[in-house]
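These notes are about the structure you will find just below.
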Amino acid sequence: MRPTLHISSAQFLQNLEAVQSRIAPSELMLVMKDDAYGHGVKWAVDVAAAAGIEWYGSYDVRTGIRVRGALGARAGRVFAWATSTDDEVEAALRAEIDLGVGTEEYLRLVIDAAERTGIPARIHLKIDTGLHRSGIRPEDWARAVATTREAELAGSVTVVGVWSHLAEASDAEDDDAQLIFAESVAALQAAGSEPAVLHLTASAASWWRPELRGSLSRIGAFCYGIRSADGPELEGIRPVSALSASVMEIHEDYAVVGIGSFDGLPSTLVKIGVGTSAGVRELIRVDETTSDVAIWPGASIGDLVWVLGPGDHDEYSATTLAERIDTVGEEIITRLTSRVRRVIEG
Ligand SMILES: *Cc1c(COP(=O)(O)O)cnc(C)c1O
């Protein structure tokens with residue numbers, strides 16, 4: 001049997017509720033990039049929409065259109081922040097997707113697309129608060145605000161929000177970022193715009209730094225139950241998925257199980273413990289489509305071993321595995337390939 005990612009809607013719902021109650025009155029924007037962190041956009045939207053989540057962060061326009069499709073007739077705001085092409089921006093306007101705008105060049109492109117299609121663009125302006133990845137630099141902010149305001153008065157854009165992304169390297173840097181953020185918002189307001197939402201924080205800062213939260217919090221990892229690498233456990237949050245593989249052969253010292261590097265299992269995970277019916281056993285070897293696990297009493301063909309999950313079968317979480325190979329939990333789940341079956345379980 002193919003390896004299987006067992007996905008719990010009930011746990012996802014619990015995590016969404018735990019996150020929402022932790023960050024209130026800031027509102028949750030559920031981040032959906034990388035196919036909802038490897039769990040599937042459609043499933044995530046269905047559960048979240050039933051729970052009344054209004055905001056969805058899609059990263060790119062293509063995913064945003066999938067989110068809009070999954071929402072169907074249901075209301076919901078979709079935010080796509082990847083700098084996109086003319087065609088994508090036009091498609092986004094038609095699908096009522098809010099656009100994150102982090103350069104003046106892209107601002108111009110979005111305004112032009114809005115004028116061409118006659119559909120006003122709903123934009124969230126991004127200020128670079130120090131991460132230097134994207135975002136309008138503070139020294140260019142006044143000019144971007146003037147361009148935006150002119151387009152807003154002409155009816156081609158609506159400024160819905162202001163946003164930025166924190167480095168989360170140190171509290172002091174994040175505090176400085178918040179100051180720049182607040183000044184930028186004030187400058188935009190002084191020019192006459194009234195952004196309805198402000199968003200600065202992702203999972204970790206939203207959870208641990210209440211004073212930095214805006215009216216919206218963009219959260220992915222914690223909603224899917226993936227805690228920060230080297231971070232503490234989170235009250236009320238558990239992984240929403242568990243990865244199993246089945247035993248294919250029994251040898252004297254090891255069992256061969258049906259998951260390998262072609263399924264996205266990093267071969268660097270050799271020596272981790274996986275959950276078996278007799279407790280934790282070492283993963284001895286990772287091949288292309290199979291792996292070897294140290295034998296346990298009573299092992300038989302067809303048994304499931306648990307590679308990662310919430311710990312119900314003695315397995316470790318994605319983040320615990322990720323810490324072993326110096327990466328983050330979402331990296332482990334999102335690299336699982338389409339050979340891994342996704343099964344939704346209650
Ligand atoms: C991925 C991402 C998030 C969500 O981050 P998590 O740590 O998974 O909550 C928020 N904002 C931006 C811009 C992102 O790229």
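All other residues whose Cβ lies under 15 angstrom from that of Tyr37 are scored, Lys and Arg at +1 and Asp and Glu at -1, for a net of +3.
Whole-percent P(r), the chain, all Cα pairs, 20 Å bins from 0: 30, 50, 18, 2.
Sorted largest first, the spans of the alpha carbon positions of region 28-164 along the three principal axes are 41, 35, 24 Å. Dividing the radius of gyration of the alpha carbons in region 72-135 by their Kirkwood radius gives 0.99 for Rg/Rh.
Listed by chain and number, the aspartates and glutamates placed with their C-alpha closer than 12 angstrom to that of Lys126 are Glu104, Asp140; residues fewer than eight positions away on the same chain are left out.
Per residue, the average separation of C-alpha pairs within less than 8 Å and at least 6 apart gives region 131-239 a relative contact order of 21 percent. Pair-distance distribution P(r) for region 256-316, from all Cα-Cα distances in 5 Å bins starting at 0: 4, 21, 32, 26, 15, 2 percent. Cβ under 14 Å from Ala196's Cβ, Ala196 left aside: what net charge do those residues give with Lys, Arg +1 and Asp, Glu -1? Neighbourhood net charge equals -3. Over all other residues within a Cβ to Cβ distance under 14 Å of Glu104, the charged ones net out to -1, with Lys and Arg as +1 and Asp and Glu as -1. About its Cα centre, the dipole of the chain is roughly 880 debye, where the only charges are +1 on Lys and Arg Cβ and -1 on Asp and Glu Cβ.
Under 1.5 on a/c is rounded, so check that first for region 1-87, then, if it is not, pick prolate when a/b is larger than b/c and oblate when it is not; a ≥ b ≥ c are the square roots of the alpha carbon gyration tensor eigenvalues. Oblate, because a/c is 1.5 or more while a/b does not exceed b/c. Using just its DSSP H runs of length 4 or more, each adding -39500 (n - 2.57), the chain gives a mean residue ellipticity at 222 nm of -10500 deg cm²/dmol after division by all residues.
Shape of region 125-276 from its Cα gyration tensor (a ≥ b ≥ c, root eigenvalues): rounded if a/c is under 1.5, otherwise prolate when a/b > b/c, or oblate? It is prolate, given that a/c is not under 1.5 and a/b is the larger ratio. Less than 5 angstrom separates the built amide H of Leu308 from those of Leu243, all sequence-distant by 5 or more or on a different chain. When the chain is treated as a GNM with alpha-carbon contacts under 10 Å, the residue of Ala229, Ala242, Ala182 showing the greatest mean-square fluctuation is Ala182.
Relative contact order (percent) for the chain, with alpha-carbon contacts under 8 angstrom and 6 or more residues of separation?
About 19 percent, as a whole number.
Note down the relative contact order for region 1-152 as a percent, whole number, built from C-alpha pairs under 8 angstrom at least six residues apart. It rounds to 14 percent for region 1-152.
Stokes-Einstein diffusion for region 172-251 at 37 °C, viscosity 0.692 mPa s, with a Kirkwood radius from C-alpha pairs, works out to 210 µm²/s.
The numbers here are math on the coordinates, done by the rules we state, and not lab data. Just so you know, these numbers come straight off a predicted model, no measurement behind them. Backbone-built Cβ (ideal geometry, glycine too); neighbour counts: all protein chains shown.
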